[in-house]
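See below for the structure under consideration.
The values are calculated or read from the model by the stated rules, or taken from the named source; none is laboratory data. Computed from a predicted model, the values in this text were never measured in an experiment. Every residue, glycine among them, receives a Cβ derived from its backbone with ideal geometry; neighbour counts consider all protein chains shown. Heavy atoms of the whole protein, side chains included, go into the accessibility calculation; ligands, DNA and RNA do not. Shrake-Rupley method; radii C 1.70, N 1.55, O 1.52, S 1.80 Å.
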Amino acid sequence: MGEIKVSPDYNWFRSTVPLKKIIVDDDDSKIWSLYDAGPRNIRCPLIFLPPVSGTADVFFRQILALTGWGYRVIALQYPVYWDHLEFCDGFRKLLDHLQLDKVHLFGASLGGFLAQKFAEYTHTSPRVHSLILCNSFSDTSIFNQTWTANSFWLMPSFMLKKIVLGNFSSGPVDPMMADAIDFMVDRLESLGQSELASRLTLNCQNSYVEPHKIRDIPVTVMDVFDQSALSTEAKEEMYKLYPNARRAHLKTGGNFPYLCRSAEVNLYVQIHLLQFHGTKYAAIDPSMVSAEELEVQKGSLGVSQEEQ
């Protein structure tokens, strides 16, 4: 199905990068699935969090490209959590288990909202060094479904899938975007009722980001100019919330630019991470960065001694 159409690279990725399953809660039914690729000596990797319909492997193009350039990348699939606090507590335990004090987070849609909530949750003892927010939002009320959020757990799987598919592009799209949509439909089909219901609950239950708690974190806001599930108002709200953020605009890409416009997305990810080269929060193996590049980096950023 989708996986063949998206790319032969996908089958190669599945055969070469092992999927790990980790339990960090007392409830052993809560299983985190993840791909951890790239140099293990990196202590501040880039972690990818998927959207409602996504699994850890929707970021396979990022994993293949970025690890090839020397970055450590982790792509996650979260277990069933029914509220943001529960998710944040589980994610903190996962980072403890992986022995990661600080991380960079790339979140797509719901993944981006959860990344912001986690940064907010750990603001007194920061665990998030930077954020890349792709087609994401800061307030769940934009979906006008806060009143139904508590009933998703009752709905059968087919109804939940119908709700998610309603946000997928229905108009004419180019072949790469069509393949990306097919792939995401395939991933959606692989999710069980409780997984889908819990994600939709997290996506829609009444909550918003408190910007004053995360204002010191470097942020890149990534979005598309063509049709996506994100309204213009939601995008404007993100710009207002992060006035100092870098902006990564893609002309096209729909809901899933990391699949259908991966070269552009990967470039913006590298530009975002470049500011941390030469510091202890670099997500890249130092041997993959040239001395000249580091000098330019230090000069342009004025990296302080204590950071190194």
**Complete:** The correct count of residues that are crowded, with 23+ Cβ neighbours inside 10 Å and in a loop (DSSP other than H, G, I, E, B) in the range 80-112 is 1
**Request:** From the list L196, L241, pick out the single residue that is out of contact with any His (no Cβ under 9 Å at 6 or more places or on another chain), more than 30 Å from H277 (Cβ to Cβ) and either crowded, with 17+ Cβ neighbours inside 10 Å or among the small types (G, A, S) (or both).
**Result:** L196
**Prompt:** Could you say whether any residue in the range 161-177 is polar (S, T, N, Q) and open to solvent by 40 Å² or more (accessible area, probe 1.4 Å)?
**Reply:** yes
**Message:** It is to be established whether one or more residues within the range 40-53 are open to solvent by less than 10 Å² (accessible area, probe 1.4 Å), among the polar types (S, T, N, Q), modelled with pLDDT of 95 or more and within 24 Å of S138 (Cβ to Cβ).
**Reply:** no
**Message:** Residues that are open to solvent by 10 Å² or more (accessible area, probe 1.4 Å) and closer than 21 Å to P218 by Cβ: does the range 4-26 have at least one?
**Reply:** no
**Asked** Quick one: is S262 over 17 Å from the mean Cα position of the chain (by Cα), over 26 Å from L100 (Cα atoms) and modelled with pLDDT of 95 or more?
**Response** no
**Message:** I need a count of the residues in the range 54-67 that are more than 29 Å from L230 (Cα to Cα) and at pLDDT below 95.
**Reply:** 0
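It is to be established whether one or more residues within the range 175-183 are more than 23 Å from R261 (Cα to Cα) and hydrophobic (A, V, I, L, M, F, W, C).
Looking for residues that are more than 23 Å from R261 (Cα to Cα) and hydrophobic (A, V, I, L, M, F, W, C), one finds none in the range 175-183, hence no.
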**Whichever residue in the range 201-217 is open to solvent by less than 40 Å² (accessible area, probe 1.4 Å) and in a loop (DSSP other than H, G, I, E, B) and, among such residues, is nearest to L267 (Cα to Cα)** = I217
**Request:** Using the structure shown, decide if S138 is surrounded by 17 or more Cβ atoms within 10 Å (Cβ to Cβ), modelled with pLDDT under 95 and under 30 Å from Q275 (Cα atoms).
**Result:** yes
**Message:** Pull out all pairs, ordered by first then second residue, where Cβ-Cβ is under 6 Å, the residues are six or more apart or on different chains, the first lies in the range 113-128 and is open to solvent by 10 Å² or more (accessible area, probe 1.4 Å), and the second is part of a helix (DSSP H, G or I) and of a type in the set (D, E, K, R).
**Reply:** E120/K213; H123/K213
**Request:** Looking only at the range 223-233, decide whether some residue is free of Cβ contacts under 8 Å to residues at least 12 places away in the same chain, part of a helix (DSSP H, G or I) and over 20 Å from the mean Cα position of the chain (by Cα).
**Result:** yes
